[in-house]
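Engineer: I am attaching a structure below and will ask some questions about it afterwards.
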Amino acid sequence: MSEPRKSIHGQWSSRWAFILAATGSAVGLGNIWKFPYITGENGGGAFVLVYLVCIAIVGIPIMMAEIMLGRRGRQNPINTMGALAREAGQSQLWRLLGWSGVIAGFLILSYYSVIAGWALAYVFRAASGVFIGGTAEGVGKLFSDLTGDPERLLAWHTIFMIMTMIVVARGVRGGLEKAVRFLMPALFVLLLILVGYAMTTDAFAQGMNFLFKPDFSKISGNSILIAMGHAFFTLSLGMGAIMIYGSYVPRDTSIAKTTFLIAGADTLVALLAGMAIFPIVFANGLEPGAGPGLIFKTLPLAFGYMKGGIVIGVLFFILLVFAAWSSSISLIEPAVTWLVENHGMTRMRACAWSGIVTWLMGLGTIFSFNYWSEVKLWGKTFFDLLDYLTANIMLPLGGLFIALFSAWAMSRVASADELNIRNEWGYALWRFLVRFVTPLAVIIVFLNAIGVMK
Ligand code: PHE
């Protein structure tokens, strides 16, 4: 066994600190905002099924691989890949994998922060009582008024970026992951309340059918790619966030067990969000494929009619902001650690620079919803393109190379030592998945989406 490295940024105080932080990273806008709207756009049940299969055979094995690489490398993803490649006698080109992660994190945060800004805006809207007795039309107009106003979007985006950079500047292992301990269960309870409300609408069965009854005629190569991309996005995989969190994990933590916990919690939150939202969609005659505004056009209707709707609405959006916050810090952490480790910057300076660049890039997303809403490339706005490029291309590619590295480039001895799975069969299954199944799945889905496999 080689001498275990230590991260210069220290370690998690315990196994639980890691689980909380990684769950904080995984559970975010991806589960509550993105999962329902892409499910709606891609026809429901069959899409959900493909997504669940991707979580099981691609997401979970890659999460284990990514934590393993991080813990063995103990540096930012670029240096970690460099160090591990050297250890395995491989080319330094593997550092590119780290690079693509750092860049993907930047790009994702630039739009993630704009959407988190919508959630922030909705905390105050919910508090003001404007949702009470609202109609689908009225609530829809409230949403388009917000996205149509670049100044307001910019203000909320700015506030959210400042919130993110303050936490990152203090070091990720500061306070936020402790807060996750209370906030995640609270979010869970609120989602249950919303599902309870959805049950009282007369479209609950219709909503459940939409979510869970697969109709494969509604699915295309492109929607399979979107489902797979989302499995990466929702578990924060393929860009080094989980790798960097893994670099602070103590040696005696079981990677397999923690991965199951994180992936399980993440999937449950997404499914609950879907169960809360689709009955409301159908009960109000809304379009499941309404796009990125879906939760903002549906949940306010529930808050407007249920008892205690103002309090529940305010709490819900506050928790959504926290969920986004604990994800956003992990999106920028790889870039910040890279600036600190390779460019000798202080953490403060590294945060200021990366925050400013991300904030500026966010303008593109803001304008996609107003000034540039008609500017399209391949039928997509700037925001759509950014989302497609990162979630559906960069993350799965990152994941593919993580799988290839851990199962082909790295020695069996090294991965067995680092994963330390007690059960022989468990390890063999993991290795089989990352060696063959995951890479093939990603490649087939890519080829299928570009229409090579008709
Ligand atoms: N997993 C987060 C979510 O679901 C988003 C994310 C992606 C965070 C990639 C970090 C890295 O909202």
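The values are calculated or read from the model by the stated rules, or taken from the named source; none is laboratory data. None of these values were measured; they are calculated from a predicted model. Here the Cβ positions follow ideal geometry from the backbone for every residue, glycine too, while neighbour counts run over all protein chains shown. Surface areas here come from the heavy atoms of the whole protein model, side chains and all, with no ligands, DNA or RNA. Shrake-Rupley method; radii C 1.70, N 1.55, O 1.52, S 1.80 Å.
Engineer: From (1) surrounded by fewer than 20 Cβ atoms within 10 Å (Cβ to Cβ); (2) in a loop (DSSP other than H, G, I, E, B), pick out the condition that doesn't hold for Leu286.
Structural biologist: For Leu286, the failing item is (1).
Engineer: What pairs come up if the first residue lies in the stretch 245-263 and is open to solvent by less than 10 Å² (accessible area, probe 1.4 Å), the second is among the acidic types (Asp, Glu), and their beta carbons are under 8 Å apart, counting only those six or more places apart or on different chains?
Structural biologist: Sorted first by the residue in the stretch 245-263, then by its partner, the pairs are Tyr245/Glu333; Gly246/Glu66; Ile255/Glu418.
Engineer: Please specify each residue of the stretch 18-36 satisfying the condition of being away from the ligand (no atom under 13 Å from the Cβ) and aromatic (Phe, Trp, Tyr). Before the answer, list the steps.
Structural biologist: At the first step, the residues of the stretch 18-36 found to be away from the ligand (no atom under 13 Å from the Cβ) are 18-20.
Selection gives Phe18 alone.
Engineer: Then there is this: Can we say Ala335 is without any contact (Cβ under 8 Å) to a residue 24 or more places away in the chain, of a type in the set (Gly, Ala, Ser) and at negative phi?
Structural biologist: Details: without any contact (Cβ under 8 Å) to a residue 24 or more places away in the chain: no; of a type in the set (Gly, Ala, Ser): yes; at negative phi: yes.
No.
Engineer: Of all residues being in contact (Cβ under 8 Å) with a residue 12 or more places away in the chain, part of a helix (DSSP H, G or I) and among the aromatic types (Phe, Trp, Tyr) in the stretch 107-139, which is nearest to the ligand (Cβ to nearest atom)? Just the residue, please.
Structural biologist: This residue is Tyr112.
Engineer: Pick from Gly291, Gly304: which is closer than 22 Å to Ala26 by Cα and away from the ligand (no atom under 16 Å from the Cβ)?
Structural biologist: Working: Gly304 fails: closer than 22 Å to Ala26 by Cα.
Residue meeting the stated conditions: Gly291.
Engineer: When you go through Leu49, Leu97 one by one, which is the residue that is touching a residue at least 12 places away in the same chain (Cβ under 8 Å), open to solvent by 10 Å² or more (accessible area, probe 1.4 Å) and within 16 Å of the ligand (Cβ to nearest atom)? Steps first, please.
Structural biologist: On the way: Leu49 fails: within 16 Å of the ligand (Cβ to nearest atom).
Among Leu49, Leu97, only Leu97 is touching a residue at least 12 places away in the same chain (Cβ under 8 Å), open to solvent by 10 Å² or more (accessible area, probe 1.4 Å) and within 16 Å of the ligand (Cβ to nearest atom).
Engineer: Name the one entry in Gly44, Gly28, Gly59 that is among the small types (Gly, Ala, Ser), open to solvent by less than 10 Å² (accessible area, probe 1.4 Å), on the phi > 0 side of the Ramachandran plot and touching a residue at least 12 places away in the same chain (Cβ under 8 Å). Show your work before the answer.
Structural biologist: Working: Gly28 fails: on the phi > 0 side of the Ramachandran plot; Gly59 fails: on the phi > 0 side of the Ramachandran plot.
Testing whether each residue is among the small types (Gly, Ala, Ser), open to solvent by less than 10 Å² (accessible area, probe 1.4 Å), on the phi > 0 side of the Ramachandran plot and touching a residue at least 12 places away in the same chain (Cβ under 8 Å) leaves just Gly44.
Engineer: From Ile224, Ile219, Ile193, grab the single residue that is more than 16 Å from the ligand (Cβ to nearest atom) and over 28 Å from Leu389 (Cα atoms). Outline the logic, then answer.
Structural biologist: Numbers: Ile224 fails: over 28 Å from Leu389 (Cα atoms); Ile219 fails: over 28 Å from Leu389 (Cα atoms).
Being more than 16 Å from the ligand (Cβ to nearest atom) and over 28 Å from Leu389 (Cα atoms) holds for just one of Ile224, Ile219, Ile193, which is Ile193.
Engineer: So which of Gly274, Gly313, Gly289, Gly293 is in contact with an Asp or Glu (Cβ under 9 Å, 6 or more places away or on another chain) and small (Gly, Ala, Ser)? Full working, then the answer.
Structural biologist: Details: Gly274 fails: in contact with an Asp or Glu (Cβ under 9 Å, 6 or more places away or on another chain); Gly313 fails: in contact with an Asp or Glu (Cβ under 9 Å, 6 or more places away or on another chain); Gly293 fails: in contact with an Asp or Glu (Cβ under 9 Å, 6 or more places away or on another chain).
Going through Gly274, Gly313, Gly289, Gly293 in turn, the sole match is Gly289.
Engineer: For the condition away from the ligand (no atom under 14 Å from the Cβ), within 24 Å of Ala428 (Cα to Cα) and in contact (Cβ under 8 Å) with a residue 60 or more places away in the chain, what is the one hit in Arg72, Arg5, Arg15?
Structural biologist: Values: Arg5 fails: within 24 Å of Ala428 (Cα to Cα); Arg15 fails: within 24 Å of Ala428 (Cα to Cα).
From the options Arg72, Arg5, Arg15, the qualifying one is Arg72.
Engineer: Give me the residue from the stretch 399-429 that is of a type in the set (D, E, K, R) and assigned to a helix (DSSP H, G or I) and, out of that set, nearest to Gly240 (Cα to Cα).
Structural biologist: We begin by selecting, within the stretch 399-429, every residue of a type in the set (D, E, K, R); these are 412, 417-418, 422, 424.
Imposing the further condition that a residue be assigned to a helix (DSSP H, G or I) reduces the set to 412, 417-418, 424.
Working: Arg412: 22, Asp417: 21, Glu418: 18, Glu424: 28 Å.
Among those residues, the one meeting the criterion is Glu418.
Engineer: Kindly indicate the residue of the stretch 76-94 that is crowded, with 20+ Cβ neighbours inside 10 Å and aliphatic (A, V, I, L, M) and also farthest from the ligand (Cβ to nearest atom) among those meeting that condition.
Structural biologist: Ala85
Engineer: Need pairs with beta-carbon distance below 8 Å; first residue surrounded by 21 or more Cβ atoms within 10 Å (Cβ to Cβ) and within the stretch 417-445, second polar (S, T, N, Q) and part of a helix (DSSP H, G or I); sequence gap 6+ or separate chains.
Structural biologist: Val434/Ser406
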